[in-house]
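Below is one structure, written out as structure tokens, with a few remarks after it.
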Amino acid sequence: MLRVWLAGVLVAVGAGASLWSAQVPRTLAQTNDFLILFPLGLLLVVIGGLAGLRRLLARRQDAAALLGVGLYLLGLAGAVSTAFPVWLPEDDTILGSAVLAGLLAGVGALLSLASAEALAGASPARRSTVAAVGGGLAWLVVTAGGLVAPLFQLHLPLALIVLLGAVAVLRSWTQRQQIGRPLLVALAGAVATVALLLLRGPDDWASASRSLKLYSFPILVIAVGTSLAILSTTARRTRSPSAAPPWLRPSR
């Protein structure tokens, strides 16, 4: 229950900060006042990815939920990698959004593929190989797609994100009863997060922004909250027998 409450608080704070920042006027001299949020956002993505991977290694029963988290991050990466090149094709700040999209894609692919392989019963060596190759490829292609115009024009970053997501779902489809609820929460979270990202618009990154720029940091706070919500979908199922009420514990 605490996790659900924390998830709700983080989502509410992130959404409120994003909407509030759009109403705060800024001059060109003040446009980079909160630039520190950009590296902090990247660090948040990396730490979150490492925490998710560590949890998967320690608790394989959380694979279904972490699959949902990975797919959610892939969806967010697809939105970031598509929207900002369209909004800001000549703006240097597109480089920063490309790095963020690449990290989101890499972490999302890593978690979703590793979780899918775990659900499919693959060996640890295969899980590690598939996740590392998929995560590295997603990071490289999506980041490059924001830096090299022809790659974006060919829709290569978005196509790769869709492909990796489809591979993860198909690989874990034999466990569809386990993954159904996490995937539904991940889909709802992705739709809501992307809608807020689009509503905030390009001024959250644009060099000539007239509003308070937070470099999508509130979106990442929402992503943390949504990830916790996805993880909570399997919390009851993975509770140990000793944590259950006495009348539900198996007899010895």
*Could you check segment 101-175 for helices (runs of 4 or more DSSP H) lying wholly inside it with 1 or more residues that are closer than 11 Å to Gly70 by Cα and under 16 Å from the mean Cα position of the chain (by Cα)?*
124-147, 156-171
_Condition broken by Ala58, with the remaining ones in (1) among the small types (Gly, Ala, Ser); (2) surrounded by fewer than 22 Cβ atoms within 10 Å (Cβ to Cβ); (3) in contact (Cβ under 8 Å) with a residue 12 or more places away in the chain satisfied_ = (3)
_As an exercise: evaluate Arg237 against (1) surrounded by fewer than 21 Cβ atoms within 10 Å (Cβ to Cβ); (2) modelled with pLDDT of 95 or more; (3) outside any helix (DSSP H, G or I) and give the number of the one condition it does not meet._
(2)
*Limited to segment 92-104, what total is found for residues that are closer than 15 Å to Gly48 by Cα and either without any contact (Cβ under 8 Å) to a residue 24 or more places away in the chain or of a type in the set (Gly, Ala, Ser) (or both)?*
2
_Within segment 1-48, take every residue that is β-branched (Val, Ile, Thr) and in a helix (DSSP H, G or I) and give me the one that is nearest to the chain's Cα centre (by Cα)._
Val45
*Only one residue in Gly146, Gly121, Gly180 is over 25 Å from Leu57 (Cβ atoms) and either of a type in the set (Asp, Glu) or at pLDDT below 95 (or both), so which one is that?*
Gly146
*Within segment 105-129, how many residues turn out to be touching a residue at least 60 places away in the same chain (Cβ under 8 Å) and under 19 Å from Thr193 (Cβ atoms)?*
2
*Residues in segment 159-213 that are crowded, with 16+ Cβ neighbours inside 10 Å, among the aliphatic types (A, V, I, L, M) and under 18 Å from Phe84 (Cα atoms): how many?*
8
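The values are calculated or read from the model by the stated rules, or taken from the named source; none is laboratory data. Since the model is a prediction, treat every value here as computed from it, not as a measurement. Cβ: placed from backbone, ideal geometry, glycine included. Neighbour counts: every protein chain shown.
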